[in-house]
1. How do ILE407, ILE92 line up, fewest other C-beta atoms within 10 Å first?
2. Which far-off residues, 5 or more places away or on another chain, put their amide H under 5 Å from the one on VAL78, with H placed in the peptide plane?
3. Whose amide H sits under 5 Å from the amide H of ILE174, counting only residues 5 or more places off or on another chain, with H placed in the peptide plane?
4. Could you give me the ³J(HN,Hα) list for the stretch 345-355, computed from phi with Karplus coefficients 6.51, -1.76, 1.60 and θ = phi - 60°, whole Hz, x at Gly and Pro?
5. Tell me, ARG343, ARG351 in order of fewest to most beta-carbon neighbours within 10 Å?
6. Assuming R0 = 51 Å, can you tell me the calculated FRET efficiency for the pair SER176 and LYS33, based on Cβ-Cβ distance, to the nearest 0.05?
7. Applying 1/(1 + (r/R0)^6) with R0 = 41 Å to the Cβ-Cβ distance of SER192 and LEU294, what FRET efficiency is obtained, to the nearest 0.05?
8. Put a dot 7 Å past each Cα toward the Cβ at GLN394 and ASN371; how far apart are the dots in nm?
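Every read-out reported here was derived from the displayed coordinates using simple, explicitly stated rules and does not represent laboratory data. Just so it is clear, the model here is predicted, and its values are computed rather than measured. Counting neighbours? That spans all protein chains shown, and the Cβs are built from the backbone with ideal geometry, glycine included.
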Amino acid sequence: MSIFLVFIFFSLLFPAGLGGVETDDCKPTSCSKDGPTIQFPFRNKYLSPEYCGYNPGFDVFCNERNETVLILPLSVQVVVKKINYVDQQVEIYDPEKCLVKKLTHPDLSASSFHFLSEDLDDYVLFNCSGSKTDLDYFSIPCHDDTSSVFLAFLSDSRMMNYLPLTSCTKIRNIPSVPWDVFTENNLHLKWSEPACGWCEAKGKRCGLSNFTGEHQIIQCVDQPYMNNKKVFDKSSYSPGATLGSFVIILAAVLLYTSIRSSSENYMMIEKFLEDHRALKPIRFSYSDLRRITLKFSEKLGEGGYGTVYKGYLSNEINVAVKVLHNSKGNGEDFVNEVSTIGRIHHVNVVRLVGFCADGLRRALVYEFLPNDSLEKFIFQSSGSGSKKRSLGWQKLRDIALGIAKGIEYLHEGCDRQILHFDIKPHNILLDQNFNPKICDFSLAKLCVKEQNGVTMTAARGTMGYIAPEVLSRIFGRVSHKSDVYSFGMLLLEMVGGRKNIDTNYINTSQVYFPQWIYNHLDLSFEDDFWARIEEGEDGIIARRLTIVGLWCIQWCPSDRPSMKDAIQMLEGPEESLTIPPNPFPANNTNATNSVGGMIPGRRHYEIELPLIQESEYFSA
């Protein structure tokens, strides 16, 4: 605050000193010395970020002759001579001297601009071969060629009845244009939105308070730069007047800052919520991400596909920014994630706030979840004999139920079924209340709900959670039951507090934990495994999670429950649960001889498989 006071004091002492330095990303520019100033709502589409302009319809660029070119609907281009930001008017002309051809072909009502003249009429355009007639018409010479002329008549003109039918053909109707569009090559257009004329009239600058989302909110702020031409005049300096002004202005500044800060924070939060109510991810530029992440200063983690940084949309809204590695893939994972999670809004699915596709730079922006992943809470360090878990059994049950509801929503709650293919503890994030949210949709696949299976040419997932049918067609069709299998493996890891595949015991019978836990399911609580769990409610929860998990990992997809059934099993009465069939071969004592041989590790992989023909499987 002391620095701020000193700054205000010296600003008053030397009100017209050295000119300020322009630091605004959206500073006014021009294409030439005599060209119009380009500022909000216009922006140079090749030099300025998207948030510097009002979209759509206000993009301009500089051509090779340093002229300011405005882009109208249907890619029509006209040159801008002048822009009046107070009256919200723009003067345009056509270097090809055929403005009428450009302004009457597209419907100007589809653009952000309208004719300044309010005297508008409807016309009909004809193409007549031969010589011109003596009828009352507007001729369009730039349309003409050697064999025909173009004529425009008022739509209610009776003169059209006298046109020779053999030589004149109606081209189209021209709605709501002024008469001078046929006679002049310079025209004035106006815009009504955004309404910034009042702001410009006060000598301030108009801009977006938040450049995200479908509804753009306008704010009027002071000019961020000073006039360098002003020179300090010593004769006008008065210490007493300056000190008095300092006290008054300081009080006003503090009051204004407080009100403005509260207002802007409120508008930002409301805008953020409105954007996500519309379920539409925001597109960020790379410079936006640098600003949001404070130049990528706070690293949260790093994996094979990218690095995650913490970001700040406001004081109240934090995000996690995942910057993808350029060397990974051809962008399919990025497109996959945006196209799937971008349409999802569920309490148990992580929210995709936005994305960045700026040249070769790609990133995904998620809601920030402070408690990291479930993986860090369920796996116990080896040698720990404590019965106490970092998460209680009641909370584990709630987490399991939340995950199940999230997966069930992906399978049944969206317009198209979404298969995740990578359900595991690492991809379950926990919010501040330890509510679970499914993340990482890079391997997901969109499907039609009614189809019986999906086409896959390569296995996808993480070792230890992949359903058998994903690895080989001999086990059945790949479907939503493949996610059910992964969910079952996750449940068993939550119960056991250890990974299902332990590479430290790859050659022992202990390697495949699900089979081991099935063999101990009917044992009493005095057994080594169940002794970790107290009898009573905690024991009932642990047993329930175990039984549901074993049902979900049945080898045959048709023997597994749907996620809806799994939710009912988790919520239903204890007596309704039955122990499932043994999903493992009776003679298998070593996981490496069966499923363990196909699931030896924990990394992402893809195994090339023979193409599954469309006659057998259906395309997603």
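1. Working: ILE407 28, ILE92 24.
By the 10 Å Cβ count, ascending: ILE92, ILE407.
2. So VAL78 has HN proximity to LEU70, LEU72.
3. HN-HN under 5 Å from ILE174: TYR123, VAL124, LEU125.
4. So the J values, rounded to whole Hz, are 9, 8, 5, 10, 10, 4, 8, 8, 6, x, 8.
5. On the way: ARG343 16, ARG351 20.
Lowest count first: ARG343, ARG351.
6. On the way: r = 37 Å, r/R0 = 0.72.
Calculated transfer efficiency: 0.90.
7. Working: r = 38 Å, r/R0 = 0.93.
For R0 = 41 Å, the calculated efficiency reads 0.60.
8. My value for the distance between the label points is 1.4 nm.
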